[in-house]
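Sharing a structure below in structure tokens format, with a few things to ask.
The values are calculated or read from the model by the stated rules, or taken from the named source; none is laboratory data. All figures in this text were calculated on a predicted structure; none of them were measured in a lab. When we count neighbours, we look across all protein chains shown, and the Cβ atoms used for this are built from the backbone with ideal geometry, even at glycine. Heads up: the accessible areas ignore ligands, DNA and RNA and are worked out on the full protein's heavy atoms, side chains in. Shrake-Rupley method; radii C 1.70, N 1.55, O 1.52, S 1.80 Å.
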Amino acid sequence: MPLGPPSSAVFIQNAAPGFISTPGRTPTSVSVHPVALFSILDHYLRRTDAQERVIGTLLGTRSDNGEVEVRSSFAVLHSETAEQVAVDMEYHRTMYDLHHKVHPKEVIVGWYSTGSNLNTYSALIQNFYSQETAPHQAIHLALNTGIEEGQQPGVQAYVGSPVGVNPKPENCVFVPIPCELRFNDAERSGLDLLTSNLSQTGNATFTNPTSDLELLERSLVSVSEMLDRVLSYVQSVLSGEVKGDAAVGRYLMDALGPSTEDLEKGEFNSHLQDTLMVSYLANLVRSQAEVSSRLALVKAS
């Protein structure tokens, strides 16, 4: 979205005389909610043909241990040419004021961009958002859509680090930090519905949301398939066909219990019996629902 001459854009390479060094705690990890990712992808789909990438503001919360939680985002108008980059600061601050009235606990934690190209303009934008998040460091979320040939889709988080004795805004190194997708149980059904539609490329119809019983059935089937894969892997390691991975072994120990004593005491069997009981009750409820619906049809006829 090119910005016209009368706009409120500021050419940010001239906005600050030097790099803004924030003394706040360096973020150690970033967790992103699906709503923020969907907002970024929607912004990317609505871009103009002249735009190579889009940028926007990330909103969320910070914890005392350095973890940053990105809960939402909004688009920011900007323009990039071979000579300069401009960001509509008035639009950015107006959108933040409106969002802050609805979600007062969410603050600016950084910015996002699409693509994997981190250049001088990215350093200038990082410097601008460092002023917005001071005294905390701003994070940069780079979302690669995977459209370009030879690149894989994914999300990577960065923090900016100044370079040089007298660092300038354009002299910045982006240091990657751990990033993960986080969602609660209420959002799981929506994500499963979206991913199921993506896998059905030949079917253009929209799938209706599933019921609670169907979700429980899918969860049990998924758990059963994962247990089969784990059992097959353990048997392959014990037989010597596959070299064992220490990390996988630790994960299995954490899942089954801190020691083998839990297995000997029968705690794993009790958990398994609980799972089978839930499966039995789900099938029983499904059968009762079918019987009641058929009785209702018989009475109606």
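Does GLU170 fit the bill of being surrounded by fewer than 17 Cβ atoms within 10 Å (Cβ to Cβ), touching a residue at least 60 places away in the same chain (Cβ under 8 Å), assigned to a strand (DSSP E or B) and not aromatic (Phe, Trp, Tyr)? Give the steps one after another, and end with the answer.
Details: surrounded by fewer than 17 Cβ atoms within 10 Å (Cβ to Cβ): yes; touching a residue at least 60 places away in the same chain (Cβ under 8 Å): yes; assigned to a strand (DSSP E or B): no; not aromatic (Phe, Trp, Tyr): yes.
For GLU170, the condition - surrounded by fewer than 17 Cβ atoms within 10 Å (Cβ to Cβ), touching a residue at least 60 places away in the same chain (Cβ under 8 Å), assigned to a strand (DSSP E or B) and not aromatic (Phe, Trp, Tyr) - is not met.
Provide a single number: the residues in the stretch 152-167 that are open to solvent by 60 Å² or more (accessible area, probe 1.4 Å) and at pLDDT 75 or above.
4
Of all residues in the stretch 135-150, how many are open to solvent by 60 Å² or more (accessible area, probe 1.4 Å) and either assigned to a helix (DSSP H, G or I) or more than 17 Å from GLY60 (Cα to Cα) (or both)?
Initial filter on the stretch 135-150 (open to solvent by 60 Å² or more (accessible area, probe 1.4 Å)): 135-136, 147-150.
Adding the requirement that they be either assigned to a helix (DSSP H, G or I) or more than 17 Å from GLY60 (Cα to Cα) (or both) leaves 147-150.
Within the stretch 135-150, residues that are open to solvent by 60 Å² or more (accessible area, probe 1.4 Å) and either assigned to a helix (DSSP H, G or I) or more than 17 Å from GLY60 (Cα to Cα) (or both) number 4.
What residue, of ALA50, ALA82, is part of a loop (DSSP other than H, G, I, E, B), open to solvent by 70 Å² or more (accessible area, probe 1.4 Å), without any contact (Cβ under 8 Å) to a residue 60 or more places away in the chain and within 17 Å of SER122 (Cβ to Cβ)?
Values: ALA50 fails: within 17 Å of SER122 (Cβ to Cβ).
Within the list ALA50, ALA82, the selection yields ALA82.
Related question: With ARG93, ARG71 as the choices, which residue is in a strand (DSSP E or B), among the charged types (D, E, K, R) and open to solvent by 70 Å² or more (accessible area, probe 1.4 Å)? Spell out the reasoning first.
Details: ARG93 fails: in a strand (DSSP E or B).
ARG71 is the lone residue from the list that is in a strand (DSSP E or B), among the charged types (D, E, K, R) and open to solvent by 70 Å² or more (accessible area, probe 1.4 Å).
Right, another one. What is the residue count in the stretch 223-246 for residues that are in contact (Cβ under 8 Å) with a residue 24 or more places away in the chain and surrounded by fewer than 10 Cβ atoms within 10 Å (Cβ to Cβ)? Reasoning before the result, please.
As a first pass, look at the stretch 223-246 and keep what is in contact (Cβ under 8 Å) with a residue 24 or more places away in the chain: 223.
Now restrict to residues that are surrounded by fewer than 10 Cβ atoms within 10 Å (Cβ to Cβ): none.
Here the count works out to 0.
I would also like to ask the following. If you check ILE147 against the conditions, is it closer than 22 Å to TYR121 by Cα and in contact (Cβ under 8 Å) with a residue 60 or more places away in the chain? Explain how you work it out, then say what you get.
Working: closer than 22 Å to TYR121 by Cα: yes; in contact (Cβ under 8 Å) with a residue 60 or more places away in the chain: no.
Answer is no for this residue.
Among the numbered criteria (1) open to solvent by less than 60 Å² (accessible area, probe 1.4 Å); (2) more than 30 Å from LYS168 (Cα to Cα); (3) over 22 Å from the mean Cα position of the chain (by Cα); (4) not hydroxyl-bearing (Ser, Thr, Tyr), which single criterion is violated by GLU132?
(2)
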